[in-house]
1. Taking the range 118-144 on its own, how many of its residues are over 20 Å from the mean Cα position of the chain (by Cα) and open to solvent by 20 Å² or more (accessible area, probe 1.4 Å)?
2. When the residues of the range 17-34 are filtered to those that are open to solvent by 70 Å² or more (accessible area, probe 1.4 Å) and part of a helix (DSSP H, G or I), which remaining residue is nearest to Ala231 (Cα to Cα)?
3. One residue is enough: does the range 57-80 have a residue meeting the conditions at pLDDT 95 or above, within 16 Å of the ligand (Cβ to nearest atom) and touching a Cys at 6+ places or on another chain (Cβ under 6 Å)?
4. Tell me which residues, restricted to the range 190-235, are open to solvent by 10 Å² or more (accessible area, probe 1.4 Å), more than 16 Å from the ligand (Cβ to nearest atom), under 16 Å from Ala71 (Cα atoms) and assigned to a loop (DSSP other than H, G, I, E, B).
5. Spot the failing condition for Ile178; the list is (1) more than 12 Å from the ligand (Cβ to nearest atom); (2) out of contact with any helix residue (DSSP H, G or I) (no Cβ under 9 Å at 6 or more places or on another chain), and only one is missed.
6. Kindly indicate whether any position in the range 128-137 is part of a helix (DSSP H, G or I) and farther than 17 Å from Ala340 by Cβ.
7. Working carefully through the options Thr62, Thr44, find the one that is touching a His at 6+ places or on another chain (Cβ under 8 Å), open to solvent by 50 Å² or more (accessible area, probe 1.4 Å) and part of a helix (DSSP H, G or I).
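The values are calculated or read from the model by the stated rules, or taken from the named source; none is laboratory data. If you're wondering where the values come from, they're calculated on a predicted model, not measured in any experiment. Here the Cβ positions follow ideal geometry from the backbone for every residue, glycine too, while neighbour counts run over all protein chains shown. SASA here: full protein model, heavy atoms, side chains in, ligands and nucleic acids out. Shrake-Rupley method; radii C 1.70, N 1.55, O 1.52, S 1.80 Å.
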Amino acid sequence: MLKKPIYVTKPLLPELEDFYPYLEDIWSSKWVTNHGKYHNLLETELQNVLKVPHLSLFNNGTMGLLVALKALDLPEGSEVITTPFTFAATPHAISWSGLKPVFADIEPETMTIDPSNIEELITPNTSAILAVHIYGFPAKVEKIQEIADKFNLKVIYDAAHAFSTEIEGKGIGTYGDISMFSFHATKLFNCIEGGALTYNNSNLVDQIYSLRNFGIMNEDTIVSVGLNGKANELQAAIGLLNLECYKKEQEKRQIVKQLYDNYLSSFPFILIPKMPVNVSNSLQYYVIRIIQDGPSDISRDKVYHYLKQHNIYTRKYFYPLCTDYVPYRSLGSERTLPQAYTIAEEVLSLPFYGELKEEEVLKICALIKEAKYE
Ligand code: T4K
């Protein structure tokens, strides 16, 4: 049993002393929120880092998703095809927007939405596809765009896990109509809480700006049913500082990943999902699948509990599936979503952050092996 618990992640935080000058400046300026100078600077910097033509900062990713769905003007009550293998925020944003989530199955290799199942689920009432780049694995963007063009659908990407991911050098946030990034504390790049929308269409700039700020166009004019999605100056300052640190964090995580890969790849009951070669890995999570083929005494839950007994807190991201959440229970089953149900039983997110020491990785791997033969 370890003395200190090991959690699935540790937030990347800048040096405290580097934060003080920002605090002093924000305090003396008395401009603390509502599109302040650090907010605007972070938007510009992020636009360059993510290689996107337009970017709007948000106070969290969920608010971003809500605004994305509103900005695309989808017909009230229409259907949005999405994946059940995601965090609650994805289908919740669809439901909060007065739209209906329709769940498609996922592909086994990337665990992202299966384009062939999307096509089967399209009805005259379908208005959009909301795909997720789960764990930073890009959804099948080309195929999804082909389907969207054929059926005249909008495409939104939940890129909450895909900060700085690129496909052959192209920013992941340039695909589809709008992409959403999350900058929550548990994310590789974070503003403690935060998020962003990225998009190519310049006509969306003013609309997203006003939807993020109560629909205000100017002091006398409100043009839409907006909400409050603004990030404040403290969040933006943390973001600016973390932009200077995230690459170093990625380098450290690459070493941790290599260690895990080396130890775990020899375990026959473990499958390590592989990022496609043309994709730069964001290194948001380290996920394994614990495979039960035949009469094995090992299971994901057994490993999860065994590690927990030793003060190591892994997470079953993303189990249960969204179709097992109370609001969505009638919208999918093992019969309609066989891959998603299988994979959700197998996945385990292991502790993954730059500060994780080699001996800790070794200990975790040894315990996983012990769980099998215990
Ligand atoms: N779409 C997808 C696909 C997402 O995964 C998410 C968020 C969203 C949309 C929505 O984006 P945001 O609106 O959140 O920007 C966490 C995060 O809260 C959530 O942002 C994230 N996905 C989700 C996958 O994970 P929990 O409930 O697992 O977090 P929690 O509090 O259990 O934290 C996990 C571990 O992290 C803790 O065991 C220890 C460590 N931790 C956490 C916090 C908050 C710390 O060490 N310090 C901390 O301050 O949801």
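1. Step one: of the range 118-144, the residues over 20 Å from the mean Cα position of the chain (by Cα) are 118-127, 143.
With open to solvent by 20 Å² or more (accessible area, probe 1.4 Å) added as a condition, the list becomes 119-125, 143.
Count: 8.
2. Keep residues of the range 17-34 that are open to solvent by 70 Å² or more (accessible area, probe 1.4 Å), which gives 17-18, 20-21, 24, 27-28, 30-32.
Subsequent filtering for residues that are part of a helix (DSSP H, G or I) retains 17-18, 20-21, 24, 27-28.
Numbers: Glu17: 22, Asp18: 20, Tyr20: 19, Pro21: 19, Glu24: 19, Trp27: 16, Ser28: 19 Å.
Per the stated criteria, the residue is Trp27.
3. No, the range 57-80 contains no residue that is at pLDDT 95 or above, within 16 Å of the ligand (Cβ to nearest atom) and touching a Cys at 6+ places or on another chain (Cβ under 6 Å).
4. Scanning the range 190-235 gives Asn200, Asn201, Ser202, Asn203, Phe214, Val223, Ser224, Val225, Gly226.
5. Among (1) more than 12 Å from the ligand (Cβ to nearest atom); (2) out of contact with any helix residue (DSSP H, G or I) (no Cβ under 9 Å at 6 or more places or on another chain), the lone unmet condition for Ile178 is (2).
6. Our first condition is that a residue be part of a helix (DSSP H, G or I); within the range 128-137, this holds for 134-136.
Then keep just the ones that are farther than 17 Å from Ala340 by Cβ; that gives 136.
Yes: the range 128-137 contains one or more residues that are part of a helix (DSSP H, G or I) and farther than 17 Å from Ala340 by Cβ.
7. On the way: Thr44 fails: touching a His at 6+ places or on another chain (Cβ under 8 Å).
Result of the check over Thr62, Thr44: Thr62.
This table checks each residue for (1) within 11 Å of the ligand (Cβ to nearest atom); (2) not in a loop (DSSP other than H, G, I, E, B).
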residue: Phe87; (1), (2): yes, no
residue: Thr90; (1), (2): yes, yes
residue: Pro101; (1), (2): no, yes
residue: Ile118; (1), (2): no, yes
residue: Pro124; (1), (2): no, no
